[in-house]
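Single-structure report; data block below.
The values are calculated or read from the model by the stated rules, or taken from the named source; none is laboratory data. Predicted model only: the values in this text are computed from it and were never measured. Backbone-built Cβ (ideal geometry, glycine too); neighbour counts: all protein chains shown. Areas reflect the complete protein model, heavy atoms only, side chains present, ligands, DNA and RNA absent. Shrake-Rupley method; radii C 1.70, N 1.55, O 1.52, S 1.80 Å.
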Amino acid sequence: MREITATGPSVEEAVQSALTQLNTTRDRADITIVEEGKKGLFGLFGTKPSIVTVKMKYDPVEESTNFLKKVLTEMNIVAELETKVEGRNIFISISGEKTALIIGKRGQTLNSLQYLTQIVANRYSNQYLSVEIDAEGYREKRRETLEQLAERLAQKAMKTKQEVHLEPMPSFERKVMHSIISRFPEVETYSVGKEPNRSLVITPNKKKVIR
């Protein structure tokens, strides 16, 4: 957060000086009056300037969106972004050309963009924010794929009675897998590893021994 201490003949003039230096507006700044100043005798003797401290306020949604735009520009991708905010959840939809390049193999590029954008959003927020980035409806298609995969691997774990280890997935994809596999009482799931390489394991559900 950028901060400037400015002085002026009056509080208003000191504030305007700080806003000009920060190249921002009053509604996007936190203003603290350090010294209101004092007019001297005949306007000459004992005069004290007004002193203010002005901090810029950052909008995490705007900052994260600008970051994503910059990255796409660096990738030579021309795209339109539509942002929607619901509580502490930020949804960004990307449309345009080269969406396959944005998505990447099994959504890896899209997931990386989402991971980095979420870091930026939370850098400028005083509460945790969740960011989801989609491109041309890929997330819904991926969910359908995950549902089929979850059912198939759950069946495999039940048949072989051995653990099935999946490839690393972002947390929201693991949640989808957890949810679907929970329909099968014969198996259970747990996660291993650290983000962003955390993965899911499907294991046969051990029966409780009743004594």
Residue list for region 58-75, restricted to those being open to solvent by less than 80 Å² (accessible area, probe 1.4 Å) and either touching a strand residue (DSSP E or B) at 6+ places or on another chain (Cβ under 7 Å) or closer than 30 Å to Thr20 by Cβ (or both):
Tyr58, Asp59, Pro60, Val61, Glu62, Glu63, Ser64, Thr65, Asn66, Phe67, Leu68, Leu72
For residues that are assigned to a helix (DSSP H, G or I), without any contact (Cβ under 8 Å) to a residue 12 or more places away in the chain and of a type in the set (Lys, Arg), tally how many sit in region 2-40.
1
Subset of region 82-109 (residues that are out of contact with any strand residue (DSSP E or B) (no Cβ under 6 Å at 6 or more places or on another chain) and of a type in the set (A, V, I, L, M))
Val85, Ala100, Leu101
Among the residues listed as Leu113, Leu166, the single one being surrounded by 14 or more Cβ atoms within 10 Å (Cβ to Cβ), within 22 Å of Arg198 (Cα to Cα) and more than 17 Å from the chain's Cα centre (by Cα)
Leu166
Condition check: surrounded by 17 or more Cβ atoms within 10 Å (Cβ to Cβ), in contact (Cβ under 8 Å) with a residue 12 or more places away in the chain and touching a helix residue (DSSP H, G or I) at 6+ places or on another chain (Cβ under 7 Å). Does Ala135 satisfy that?
yes
Index of the failed condition, Gln148 passing every other in (1) in a helix (DSSP H, G or I); (2) closer than 30 Å to Leu68 by Cα:
(2)
Can you tell me which residues in region 76-100 are open to solvent by 60 Å² or more (accessible area, probe 1.4 Å) and touching a helix residue (DSSP H, G or I) at 6+ places or on another chain (Cβ under 7 Å)?
Val85
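Condition check ((1) of a type in the set (Val, Ile, Thr); (2) at pLDDT 90 or above; (3) closer than 25 Å to Ile94 by Cβ) across all residues:
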{"residue": "Ile119", "(1), (2), (3)": "yes, yes, yes"}
{"residue": "Ser125", "(1), (2), (3)": "no, yes, yes"}
{"residue": "Arg139", "(1), (2), (3)": "no, yes, yes"}
{"residue": "Thr145", "(1), (2), (3)": "yes, yes, yes"}
{"residue": "Ala150", "(1), (2), (3)": "no, yes, no"}
{"residue": "Lys159", "(1), (2), (3)": "no, yes, no"}
{"residue": "His165", "(1), (2), (3)": "no, yes, no"}
{"residue": "Ser191", "(1), (2), (3)": "no, yes, no"}
{"residue": "Glu195", "(1), (2), (3)": "no, no, yes"}
What single numbered condition from (1) part of a loop (DSSP other than H, G, I, E, B); (2) free of Cβ contacts under 8 Å to residues at least 24 places away in the same chain; (3) open to solvent by less than 80 Å² (accessible area, probe 1.4 Å) fails to hold for Ser125?
(2)
If Lys48 passes every condition in (1) under 15 Å from Asp134 (Cβ atoms); (2) open to solvent by 100 Å² or more (accessible area, probe 1.4 Å) but one, which one does it miss?
(1)
Given (1) open to solvent by 50 Å² or more (accessible area, probe 1.4 Å); (2) farther than 23 Å from Thr117 by Cα, Val201 misses just (1)
